[in-house]
Amino acid sequence: MNARFTLSSLVRDNILDLVPYSSARMEYSGTQAVLLDANENPFDTGYNRYPDPLQRKLKSLISVLKAVPENNIFLGNGSDEAIDLLVRIFCNPGKDHILTMDPSYGMYEVCARIQDAGVRKIPLDRNFASDLSTIMNMTDERSKIIFLCSPNNPTGNVFSPAIVYPLLDKFPGLVVIDEAYQDFSSFPGFLPDLLQRPNLVILQTFSKAWGQAGIRLGMAFASEEIITLLNKVKYPYNLNNLTIQYAVQLTGHVEEKGAWVDTIRKQRQWLTEQLSLLRMVTKVFPSEANFLLVRFTDHARVFEWLRDHKIIVRDRSTSRHCEGCLRITVGTPEENKILVNCIKEIDK
Ligand SMILES: *Cc1c(COP(=O)(O)O)cnc(C)c1O
């Protein structure tokens, strides 16, 4: 247990004092009544009513899927919404800061900069790992949130429990673990620890393994107190009914997601083997996600060659310890073959 963590002293005062917008549907969520409270059009179009601000039906289904109580779940317009809300709830502009790993996902820094919060970047070592003292030495009383992405984007590795647990014990702010790629990992992740850890927030998403990046649906799991703060600050109707209703159907298709994940993991292995055989490839980093970080002898030539053949990959060569690296998403078996064959043409 973290003896130095008290949520109320971490939250911005104006957020603690905030009286949230009280929406009509917050007070009444039944459907059988004469609803003359929200200035909606009364004629049934299927979508004339405002959505449930707390998405209770969808949360009850996600609660079963994830084995997390409904009151520990926040749903957002992508997990990016949760990242943005956390920064706004905890970081006083011009005073507080977040900590991110370098390299990692870019949205943590962008959200912090918009809030005019500081960003301290913890330099990962050549294995894209860090240790407790390096991280703790970069914190002070103005450190509000540490964002850990695990499996990490763009590096593909996971953070070890041997670092995460001591960090949760010692750091008196929030530790946000972004598990966008958790479904692809063979390591367990940190959701089972949620209820024992008051300063832990876990982010997951429907955008990757679930194949639903277009519906914009992200999840945050945290203590009831943190979830209450997120609900207080979010837009009243942050999820629309098209997304909510679609996602309710989706939760009945877990096996399809499982089958995609199996295929993508096998394809990740196949791609790793095929790319490792190429002369221009000097390293394929091990990955627990649905992408590979690949180092080339001449990454710019490969990037342009692929682009000229209408194959788009991500240049990550300017990121720390990613010299010469491209990030390649695992595609369908056909797409992966096209990719490998295309690189083979210049791999002579
Ligand atoms: C793709 C990705 C997300 C997903 O964000 P959404 O807003 O849910 O689509 C979150 N975190 C990381 C690290 C990602 O790579």
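Mind running the shape call on the range 91-236? Use the C-alpha gyration tensor, a ≥ b ≥ c as the square roots of the eigenvalues: rounded below 1.5 for a/c, prolate if a/b tops b/c, oblate otherwise. Taking the square roots of the gyration eigenvalues as a ≥ b ≥ c, the range 91-236 is rounded. Rounded to two decimals, the Cα radius of gyration of the range 178-305 over 2.2 N^0.38 Å is 1.35. Computed over neighbours whose Cβ is under 14 Å from that of residue 90, the net charge equals 0, Lys and Arg +1, Asp and Glu -1. Spatially, the range 260-289 and the range 124-203 are offset by 25 Å when compared through their Cα centroids.
How high is the relative contact order of the chain, in percent, counting Cα pairs under 8 Å that sit 6 or more residues apart? Dividing the mean separation by the residue count of the chain yields 18 percent.
So what does the Cα-only Debye profile of the range 81-146 read at q = 0.29 Å⁻¹, as log10 I(q)/I(0), no solvent term? Relative scattering, expressed as log10 I(q)/I(0), comes to -1.26.
Judged by the mean number of other Cβ atoms found within 10 Å, the most tightly packed of the peptides 267-275, 217-225 leads the ranking 217-225, 267-275. What would the Debye formula give as log10 I(q)/I(0) at q = 0.12, 0.14 Å⁻¹ for the alpha-carbon point model of the range 1-158, no solvent? For the range 1-158, the Cα-only Debye profile gives -0.73, -0.92.
To the nearest ten degrees, helix 161-170 and the longest principal axis of the Cα atoms of the chain are 40 degrees apart. Remark: 116, 169, 52 ranked as 116, 169, 52, counting other beta-carbon atoms within 10 Å and listing the fewest first.
Rounded to the nearest 20, the size of the Cβ-charge dipole of the chain about its Cα centre is 680 debye, with Lys and Arg at +1 and Asp and Glu at -1.
Mean projected area of the Cα convex hull of the chain, taken over all directions, amounts to 19.4 nm². Taking the C-alpha atoms only, the angle from helix 254-276 to the longest principal axis of the chain is near 30 degrees. Within the range 198-253, the ratio Rg/Rh, alpha carbon atoms throughout and Rh by Kirkwood, equals 1.00. Compared with the dominant Cα axis of the chain, that is its longest principal axis, helix 56-66 is turned about 40°. Per residue, the chain reaches -10500 deg cm²/dmol at 222 nm when only DSSP H runs of four or more residues are counted, each adding -39500 (n - 2.57).
Only the coordinates and a few stated rules stand behind these numbers; no lab work does. As the structure is a prediction and not an experimental result, all values here were calculated from the model. Every residue, glycine among them, receives a Cβ derived from its backbone with ideal geometry; neighbour counts consider all protein chains shown.
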